[in-house]
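Colleague: The structure follows.
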Amino acid sequence: MEYVNPLTGFRVDGRRPNEMRQLKGEVGVVSRADGSALFEMGNTRVIAAVYGPREETGRVNGGSRTFLEARIAGSVQGIHAQVQKAIKAMEASILTHLMPHSQIDIFVQVLQADGGTRSACINAATLALADAGIPMRDIVTSCSAGYLCSTPLLDLNYIEDSAGGADVTVGILAKMDKVTLLQMDAKLPMDTFETVMDLATEGCKAIATYIREVLLENTKQLECQRG
């Protein structure tokens, strides 16, 4: 199967190699949560809900603790451990010292998986944390890139992700330009790896810009509602 058309340069879903799938983010989707969000990357759809910060009993030292759980739909149970590790990247962004003796619960559920599930979970959790007003050093965003047909590809869909090529998932603190997550599913020569990682990092930055736009638009809507 040709994952990149040699004549047109387009991928199987019509995108160019460095083109991301359509993004969609929405906050306030779980009514009883302190913060929640829906995040879509193409056909991959994830909901995240945040509860807290709340007082944690039985803990004597300062700081706060985050409890993170990924609930995965039945058809994609095989990626549960990977998503659990990816969502742990959120802890690097939370200013726990501002919330002593407290706990923050983050639940993530994958509604539909079509590649980039780990990244979508992180992006949904970031939106939900911001919606809950949790203080953060910076927002964490994530994107993947792969290498198929001797071509670096941004934001792999399921068909591309299942092709057996290398897949690099990156998470960053966008403004600080600090990597919080790096997962690679196959080996790559160093020069190729650097190219693929740089592509994924650029995807992270583009997602950060989009998430800030979603949060800004939500702030404007709330201000309008308050009159």
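The values are calculated or read from the model by the stated rules, or taken from the named source; none is laboratory data. Since this is a predicted model, take the numbers as computed values, not measurements. We place every Cβ from the backbone using ideal geometry, glycine too, and count neighbours over all the protein chains shown. When the accessible area is computed, the model is the full protein with side chains, heavy atoms only, and any ligands, DNA or RNA have been set aside. Shrake-Rupley method; radii C 1.70, N 1.55, O 1.52, S 1.80 Å.
Colleague: Filter segment 176-217 for residues that are of a type in the set (S, T, N, Q) and open to solvent by 40 Å² or more (accessible area, probe 1.4 Å); which is farthest from A132 (Cα to Cα)?
Modeller: Residue satisfying both the conditions and the ranking: T195.
Colleague: Follow-up. Restricting to segment 90-101, name every residue that is open to solvent by less than 10 Å² (accessible area, probe 1.4 Å) and either modelled with pLDDT of 80 or more or farther than 24 Å from A208 by Cα (or both). Lay out the reasoning, then the answer.
Modeller: Initially, segment 90-101 is screened for residues open to solvent by less than 10 Å² (accessible area, probe 1.4 Å), giving 90, 93-94.
Residues satisfying the conditions are S93, I94.
Colleague: Collect the residues in segment 148-167 that are farther than 19 Å from P6 by Cα and buried (at least 24 other Cβ atoms within 10 Å of the Cβ), keeping them in residue-number order.
Modeller: D155, D167
Colleague: Hey, any hits in segment 112-124 for a residue that's without any contact (Cβ under 8 Å) to a residue 60 or more places away in the chain and more than 28 Å from V12 (Cβ to Cβ)?
Modeller: First, pick out the residues of segment 112-124 that are without any contact (Cβ under 8 Å) to a residue 60 or more places away in the chain: 122.
Now narrow it down to the ones that are more than 28 Å from V12 (Cβ to Cβ): none.
Among the residues of segment 112-124, not one is without any contact (Cβ under 8 Å) to a residue 60 or more places away in the chain and more than 28 Å from V12 (Cβ to Cβ), which makes the answer no.
Colleague: Still on this structure, I have one more. Got a sec? Which strands (runs of 3 or more DSSP E) wholly within segment 132-208 have at least 3 residues that are closer than 12 Å to S119 by Cα and in contact (Cβ under 8 Å) with a residue 12 or more places away in the chain? Give the derivation first.
Modeller: Working: elements: 140-148, 151-154, 166-173, 178-184.
The qualifying strands (runs of 3 or more DSSP E) are 140-148, 166-173, 178-184.
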